[in-house]
Amino acid sequence: MRRSSLLHPGFWCVLIAFVLPVSVLRAGGPVKAKSAAKAAAFAVEVTNLYQEFDLKEVGLTKKAFEYALKGYFYLLDHHWLNKTNILSICDLSQSSRSKRLYVLDLDQKKVLVNTYVAHGRNSGTEFAQSFSNNPSSHKSSLGFYITQGTYTGNNGLSLRIRGMERGFNDRAGGRNIVVHGSQYVGPDFLDMNRFCGRSYGCPAVPADESETIIDLIKEGSCLFIYHPTKKYIAKSKILNS
């Protein structure tokens with residue numbers, strides 16, 4: 001996905017000239033004015049895309065989408081993404097009874113997948129509340145990931161993911177945190193249980209959807225595992241760049 005024209009320097013100039021108060025321009029100078037204009041342009045883009053995807057209808061909050069899009073642009077600007085049209089969001093602020101995984105096509109402006117996803121067994125029961133980057137924690141790790149290649153293991157077709165945030169998810173590879181299918185995630189399991197089963201920290205998806213999901217997001221797309229944990233929001237280098 002190319003950066004929107006809303007984020008083009010020319011658009012910032014328009015905002016600086018016609019939107020920002022004179023007091024802001026005088027007090028902050030051109031650097032702060034440009035930064036404020038960029039933030040305003042990004043806010044406009046978030047609102048437009050949120051409405052165009054109709055994400056409220058499928059249960060994704062605007063704030064989760066805003067964070068996801070900011071991180072996506074960060075990875076895109078650093079040329080770390082090979083599959084630039086796909087953005088996946090696991091919204092762990094929601095109940096595991098909810099379809100809280102969203103796979104978005106940013107070119108087509110379309111939600112490709114909206115389904116269930118598990119969190120780590122030590123992160124919580126129905127709701128995830130605690131997160132860790134530590135080996136053997138059996139907790140989910142927050143932040144931005146880049147998808148890698150696939151392999152076939154004990155859970156069938158699985159997808160390796162690379163954690164991009166030091167201290168939050170950069171041990172994902174050593175912990176064998178991968179996307180895989182599982183019978184303990186999805187509507188059939190929920191028919192017999194109060195909430196979806198939990199993983200060892202992997203974002204496990206319904207077994208009958210796993211191959212489709214993995215094929216869509218594999219080999220260099222952005223995956224964001226979100227929860228409004230204050231420590232993560234405040235200290236994420238990507239979100240605060």
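Structure notes:
- Å³ per residue enclosed by the Cα convex hull of the stretch 201-241: 99 Å³
- Whole-percent carbon and sulfur share, accessible surface of the stretch 70-149, 1.4 Å: 40 percent
- Dipole size of the chain about its Cα centre, with +1 on Lys/Arg Cβ and -1 on Asp/Glu Cβ: approximately 1120 debye, rounded to the nearest 20.
- Value of relative contact order over the chain, rounded to a whole percent, pairs C-alpha under 8 Å and six or more apart: 20 percent
- Hydrodynamic estimate: the Kirkwood radius of the chain over Cα pairs, inserted into Stokes-Einstein at 25 °C and 0.890 mPa s, corresponds to D of 132 µm²/s.
- Per residue accessible area in Å² of the chain, where ligands, DNA and RNA are left out and the probe is 1.4 Å: 50 Å²
- For the chain, modelled as a GNM whose springs connect Cα atoms under 10 angstrom apart, the maximal fluctuation among Leu159, Leu190, Leu75 occurs at Leu190.
- Total charge dipole magnitude, the stretch 78-165, about the Cα centre, Cβ charges on Lys, Arg, Asp, Glu only, Debye to nearest 20: 120 debye
- On full extension, the segment bounded by Lys230 and Ser130 gains 34.9 nm, given 0.36 nm per residue less the C-alpha separation.
- Normalising the average separation of contacting C-alpha pairs (under 8 angstrom, six or more residues apart) by the number of residues puts the relative contact order of the stretch 124-189 at 27 percent.
- Heavy-atom accessible area order for Tyr50, Tyr200, largest first, 1.4 Å probe: Tyr200, Tyr50
- Most mobile of His78, His180, His227 in a GNM of the chain (Cα contacts under 10 Å): His78
- Highest-fluctuation residue, Glu57, Glu219, Glu211 considered, GNM on the chain with Cα pairs under 10 Å: Glu57
- Ranking His119, Val31, Thr47 by how far each Cα lies toward the positive end of the dipole of the chain (charges on Cβ) leaves Val31 at the top.
- The stretch 113-165 gives an Rg/Rh value of 0.98, both radii derived from C-alpha positions and Rh following Kirkwood.
- Across the stretch 37-129, the volume of the C-alpha convex hull divided among the residues equals 108 Å³ per residue.
- Approximate spin-label separation Arg121-Thr61, in nm, with each point projected 7 Å along Cα-to-Cβ: 2.9 nm
- Rg to Rh, two decimals, where the stretch 108-219 supplies the alpha carbon set and Rh follows Kirkwood: 0.95
The values are calculated or read from the model by the stated rules, or taken from the named source; none is laboratory data. Keep in mind it's a predicted model, so treat the numbers as computed, not measured. Here Cβ is always computed from backbone atoms with ideal geometry, including for glycine, and neighbour counts include all displayed protein chains. Quick note on the areas: whole protein, heavy atoms, side chains included, nothing else; ligands and nucleic acids left out. Shrake-Rupley method; radii C 1.70, N 1.55, O 1.52, S 1.80 Å.
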